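In what follows, a single structure is set out as structure tokens and then discussed.
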Amino acid sequence: MVLDQLRVPIVQAPMAGGPSTPALAAAVADAGGMGFIATAYASPERIRDGLDALRGRLFGVNLFVPRGEPAPRDVVAAYAQRIGADASAVKWDDGGYEERLSLALGAPAVSFTFGLPEPSVIARVHAAGSEAWITVSTPEEARRAAEAGADVLVCQGTEGGGHRGAWTDDVADYGLLSLLQLVRAEVGLPLVATGGIATREAVAAVLALGASAAAAGTAFMRCPEAGTPGFHRDALASDRPTALTRAFTGRTARGIVNEFMREHSAHAPDAFPEIGQLTGPIRRQGDPERFHLWAGQAHALALDLPAAEVVARLTP
Ligand SMILES: Cc1cc2nc3c(=O)[nH]c(=O)nc-3n(C[C@H](O)[C@H](O)[C@H](O)COP(=O)(O)O)c2cc1C
């Protein structure tokens, strides 16, 4: 098992859209932990470059399990009108799932977020010699993932930054402490705990609750190896509050509250990836009040230090 090979029980959580880079994953792996490549939104060439850079190291590749069907057009159009965006080019897609999966096969771990992969997909992961890690946000998802043949459950508490990994967008919001206890009571698989972990005390706490390792996302976002934009780093260093929102992507995610969230969270529909396409041009302008400032609740504890140093500080 990959988890048995870690020198320290620290995983760098996958962070699509820029923050997780191959350099970050490599630095965490070299420090004795495990890094992740996030494939969502990345071109196949970038994914291939990342895989080349990480060969020989302990790492995982993360995939978004696609949602089965497009959102109703009128729902997307109504939100487009509200935010002053053009919906004409918006089109449901599966994010290139098959191509990303093919690239990921053979990595030490392949992790899945937003859904339970098909049995045939889990079989392909195992046939390629990879472990299947499945993100779960409720005890029910944990049970189903275990039955489906997952090797490791990534238990994600609501404290975490970025998208909730939940399989549907309307699930109960479990804090990490409750989730770990409930899952541990029913499922014997190795668990990786994630959400709001920013100190060695928090890592010790999740290990005490039965997790085999802790995965931190936000805690690595200010590292020089991360690809986080400067204005996002500045927001992380503040003590501004976070909240859950669908306003940027049509799927619930946690970010630092800004103007766009305040104006649109109440009206944003459950429509991923369509709403993400719709807001793309707005977000790409790089205005911190209109950008998705993904961050976990403990973001003010993220430090501007090399990743190896962050790993050392997180290690109990
Ligand atoms: C900027 C950002 C991007 C993220 N992208 C992904 C992703 O592509 N896939 C995924 O499974 N989780 C993603 N997440 C969630 C993380 O993997 C992890 O669950 C979360 O960061 C843990 O909480 P923390 O940020 O408080 O450490 C993302 C989180 C952040 C902050």
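The values are calculated or read from the model by the stated rules, or taken from the named source; none is laboratory data. Everything quoted here is computed from the prediction, not taken from an experiment. For neighbour counting, all protein chains shown are included, and Cβ atoms are generated from backbone atoms with ideal geometry for every residue, glycine included. Accessible surface is based on the protein model in full, side chains and every heavy atom, while ligands, DNA and RNA are left aside. Shrake-Rupley method; radii C 1.70, N 1.55, O 1.52, S 1.80 Å.
Rundown of residues vs (1) within 13 Å of the ligand (Cβ to nearest atom); (2) open to solvent by 60 Å² or more (accessible area, probe 1.4 Å); (3) without any contact (Cβ under 8 Å) to a residue 24 or more places away in the chain, yes/no style:
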{"position": "233", "(1), (2), (3)": "yes, no, no"}
{"position": "284", "(1), (2), (3)": "no, yes, yes"}
{"position": "304", "(1), (2), (3)": "no, yes, no"}
{"position": "308", "(1), (2), (3)": "no, no, no"}
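Would you call residue 249 within 15 Å of the ligand (Cβ to nearest atom) and touching a residue at least 40 places away in the same chain (Cβ under 8 Å)?
yes
Just to check your reading of the model, which residue among 67, 7 is of a type outside the set (Val, Ile, Thr) and over 23 Å from residue 219 (Cβ atoms)?
67
Is there a residue being within 21 Å of residue 165 (Cβ to Cβ) and within 18 Å of the chain's Cα centre (by Cα) anywhere in segment 76-95?
Yes, there is a match, as at least one residue in segment 76-95 is within 21 Å of residue 165 (Cβ to Cβ) and within 18 Å of the chain's Cα centre (by Cα).
Could you please give the count of residues in segment 242-263 that are out of contact with any Pro (no Cβ under 9 Å at 6 or more places or on another chain) and outside any helix (DSSP H, G or I)?
Here the count works out to 10.
So which of 28, 65 is modelled with pLDDT of 95 or more, among the β-branched types (Val, Ile, Thr), more than 23 Å from residue 275 (Cβ to Cβ) and crowded, with 21+ Cβ neighbours inside 10 Å?
On inspection, the qualifying residue turns out to be 28.
What number of residues within segment 45-77 satisfy the criterion of being out of contact with any Pro (no Cβ under 9 Å at 6 or more places or on another chain), farther than 20 Å from residue 108 by Cβ and either in contact (Cβ under 8 Å) with a residue 24 or more places away in the chain or assigned to a loop (DSSP other than H, G, I, E, B) (or both)?
3
Kindly indicate the residue of segment 102-112 that is within 14 Å of the ligand (Cβ to nearest atom) and among the small types (Gly, Ala, Ser) and also nearest to the chain's Cα centre (by Cα) among those meeting that condition.
Ranking the qualifying residues of segment 102-112, first place goes to 111.
Is at least one residue of segment 218-241 assigned to a strand (DSSP E or B) and in contact with a helix residue (DSSP H, G or I) (Cβ under 7 Å, 6 or more places away or on another chain)?
No: segment 218-241 contains no residue that is assigned to a strand (DSSP E or B) and in contact with a helix residue (DSSP H, G or I) (Cβ under 7 Å, 6 or more places away or on another chain).
Out of the residues in segment 78-101 that are within 19 Å of residue 265 (Cβ to Cβ) and in a helix (DSSP H, G or I), state the one that is most open to solvent (accessible area, probe 1.4 Å).
Checked segment 78-101; the qualifying residue most open to solvent (accessible area, probe 1.4 Å) is 81.
Take segment 1-24 and flag every residue that is assigned to a helix (DSSP H, G or I) and either open to solvent by less than 30 Å² (accessible area, probe 1.4 Å) or in contact with a Ser or Thr (Cβ under 6 Å, 6 or more places away or on another chain) (or both).
2, 3, 24
Go through (1) in a loop (DSSP other than H, G, I, E, B); (2) touching a Phe, Trp or Tyr at 6+ places or on another chain (Cβ under 8 Å); (3) open to solvent by less than 10 Å² (accessible area, probe 1.4 Å) for residue 296 and report which single condition fails.
(2)
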